[in-house]
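Asker: One structure is given below, represented as C-alpha cells, and several questions about it will come after.
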Amino acid sequence: MDDQVIEKVLRDSRTIAVVGFSHSPTRAGYYVPAYLQSQGYRIIPVNPYIQEGLGEPAYPTLEEIPGPVDLVLLFQRSEKVPPFVDQAIAIGAKGVWMQSGIAHAEAAAKARAAGLDVVQNHCMMVEHRMAG
C-alpha cells in the first residue's frame with residue numbers, strides 16, 4: 001500500500017460519501033464515519049434504508065448526492081465493490097477507500113485508470129489516528 005496515497009487522501013478529502021453507512025453505533029459503518037466527522041470531515045451517508053445519519057441527510061445512491069464528493073468510503077463486501085467504483089467514477093469523486101477487509105483488484109485498477117486515488121483494506125479511522 002502506498003502511504004503517500006493514504007496521506008494525500010486524508011489531507012485532500014473534505015466531503016466523504018459513506019456507502020454502507022449504518023445507523024447502529026456498534027458497527028464500523030457508523031463509528032468510523034462518526035470519528036471522521038468529529039475530525040472535521042463532512043460525512044454523507046449512502047444507504048437506501050435510512051433517512052439521515054450523523055445529522056446529515058442520507059441518500060439511496062451515490063448518484064443522488066447533490067454537489068461534489070471528494071471520497072467514496074466503502075463498507076461493502078469485496079464482491080459488491082465494482083458498481084460502487086463505477087458510480088464513484090461517474091460522480092467525479094477524487095478517490096475510493098475500501099475499509100479493512102475489503103479489496104477488489106479489478107475495481108481498484110479501473111478506478112486508478114480513471115484517475116482516482118485508491119486505498120484498499122485499510123481502516124480510515126486507524127490511518128487518520130496514525131497520521132495525527
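Read-outs throughout are calculated quantities, based only on the coordinates presented, and are distinct from any laboratory measurement. Just so it is clear, the structure is predicted and the values come from calculations on it, not from any experiment. Don't worry about glycine lacking a Cβ; one is built from the backbone with ideal geometry, like all the others, and counts go over all protein chains shown.
Asker: Taking 0.36 nm per residue of sequence separation and subtracting the Cα-Cα distance, how much length would be gained by fully extending the chain between Glu106 and His23, in nm to one decimal? Can you show the working numbers first?
Answerer: On the way: separation 83, 0.36 × 83 = 29.88 nm, distance 3.00 nm.
Extra length available between Glu106 and His23 comes to 26.9 nm.
Asker: Here's another thing I want to ask about it. Roughly what % of DSSP beta bridges within the chain run antiparallel, to the nearest 5? Present the calculation step by step, with values, prior to reporting the outcome.
Answerer: On the way: 2 of 19 bridges.
That works out to approximately 10 percent antiparallel.
Asker: Name the most mobile residue of Leu73, Leu116, Leu54, meaning the one with the largest mean-square fluctuation, in a Gaussian network model of the chain with Cα contacts below 10 Å.
Answerer: Result for the chain, Cα springs under 10 Å: Leu54 fluctuates most.
Asker: Count neighbours as other Cβ atoms within 10 Å of each site's Cβ, and list the chymotrypsin sites (Phe, Trp or Tyr not before Pro) in the stretch 4-102 that are DSSP loop with at most 15 such neighbours.
Answerer: Values: sites: Phe21, Tyr30, Tyr31, Tyr35, Tyr41, Tyr49, Phe75, Phe84, Trp97; in loops: Phe21, Tyr41, Tyr49, Phe75.
Taking the stretch 4-102 and a limit of 15 other Cβ atoms within 10 Å, the loop chymotrypsin sites (Phe, Trp or Tyr not before Pro) found are Tyr49.
Asker: When the helix-only estimate is applied to the chain (DSSP H runs of n ≥ 4, each -39,500 (n - 2.57), divided by the residue count), what is the mean residue ellipticity at 222 nm, nearest 500 deg cm²/dmol? All intermediate terms of the calculation are to be shown ahead of the outcome.
Answerer: On the way: 5 runs with 48 residues, N = 132.
For the chain, the value works out to -10500 deg cm²/dmol.
Asker: Given springs between every Cα pair under 10 Å in a Gaussian network model of the chain, which of Ala88, Ala105, Ala28 has the largest fluctuation?
Answerer: Looking only at Ala88, Ala105, Ala28, the biggest GNM fluctuation is shown by Ala105.
Asker: Taking the stretch 28-112, which trypsin sites (Lys or Arg not before Pro) meet the DSSP loop condition and have no more than 15 other C-beta atoms within 10 Å?
Answerer: On the way: sites: Arg42, Arg77, Lys80, Lys94, Lys110, Arg112; in loops: Arg77, Lys94.
Loop-located and lightly packed - Arg77.
Asker: Further question: When the label point is put 7 Å from the Cα of Lys8 along its Cα-to-beta-carbon vector, which residues of the stretch 78-103 have a backbone N closer than 17 Å?
Answerer: Correct set: 89, 92-98.
Asker: At 0.36 nm per residue, and after removing the present C-alpha to C-alpha distance, how many nm does the segment from Ala114 to Tyr31 gain when stretched out fully? Walk me through the intermediate numbers first.
Answerer: Working: separation 83, 0.36 × 83 = 29.88 nm, distance 3.00 nm.
Contour length minus the Cα-Cα distance gives 26.9 nm.
Asker: Which of Asp12, Asp70, Asp117 moves the most in a Gaussian network model of the chain with Cα springs under 10 Å?
Answerer: Asp12
Asker: Report the relative contact order of the stretch 1-68, percent, no decimals, based on alpha-carbon pairs under 8 angstrom and at least 6 residues apart.
Answerer: Details: 86 pairs, mean separation 18.1, N = 68.
Computed value for the stretch 1-68: 27 percent relative contact order.
Asker: Mean projection of the alpha-carbon convex hull of the chain over all orientations, in nm²? Mind dumping the intermediate values first?
Answerer: On the way: hull surface 28.4 nm².
Averaging across all directions leaves 7.1 nm² for the Cα convex hull.
Asker: Let me check I have the definition right: for the stretch 1-53, take the eigenvalues of the Cα gyration tensor, multiply each by 5, take square roots. What are those semi-axes in whole Å, largest first?
Answerer: On the way: eigenvalues 98, 25, 22 Å².
Semi-axes, largest first: 22, 11, 10 Å.
Asker: Further, regarding this structure: Could you give the semi-axes, largest first, of the ellipsoid that matches the stretch 71-132, computed as the square roots of 5 times the alpha carbon gyration tensor eigenvalues and rounded to whole Å?
Answerer: Working: eigenvalues 69, 34, 17 Å².
Three semi-axes, in Å: 19, 13, 9.
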